[in-house]
Amino acid sequence: MDPARLASSALACGVVLAAVACGSERPTLILAATTSTYDSGLLEVLIETYEARRPGAAVRTVVAGSGQALELARRGDVDLAVVHAPAAEMRFVEAGHAIARTPK
């Protein structure tokens, strides 16, 4: 699966979880992403595409380093984390803070 489609699918799953958890009329996905993902412009394109395909949904982003993004996810402050620290990601999943890791 290409990276853009994978990210869009991941965002879709996150919004479903956010909508169920919050019960709000306008589901908001809180996404932690690395500074390099933000700086590349990829994050903006993915979010615009996601929101265009899902009227009423919104994405709020927190830009941080991989370690900080994973910590935000561990605390439950974000719904989804896009990071690039394979060893830390594996520890995160093994500790039970996430159900899966999808490397791409």
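The values are calculated or read from the model by the stated rules, or taken from the named source; none is laboratory data. Just so it is clear, the structure is predicted and the values come from calculations on it, not from any experiment. Virtual Cβ from ideal backbone geometry, glycine too; neighbours counted across all protein chains shown. Quick note on the areas: whole protein, heavy atoms, side chains included, nothing else; ligands and nucleic acids left out. Shrake-Rupley method; radii C 1.70, N 1.55, O 1.52, S 1.80 Å.
Observations on the model:
- Here the gap between ARG53 and ARG74, fully extended at 0.36 nm per residue and compared with their Cα-Cα distance, gives a gain of 4.7 nm.
- Label sites at ALA100 and ASP39, each approximated as a point 7 angstrom past Cα along Cα to Cβ, lie 3.1 nm apart.
- The 3J(HN,Hα) values that the Karplus relation (6.51, -1.76, 1.60; θ = phi - 60°) gives for the stretch 65-81 are, in residue order, x, 4, x, 5, 4, 5, 5, 4, 5, 4, 6, x, 7, 9, 8, 8, 10 Hz. Gly and Pro appear as x.
- Sorting SER66, SER36 on solvent-accessible area from highest to lowest, probe radius 1.4 Å, gives SER36, SER66.
- Within the shell of other residues whose beta carbon sits under 9 angstrom from the beta carbon of ILE30, the net charge comes to -1, with Lys and Arg scored +1 and Asp and Glu -1.
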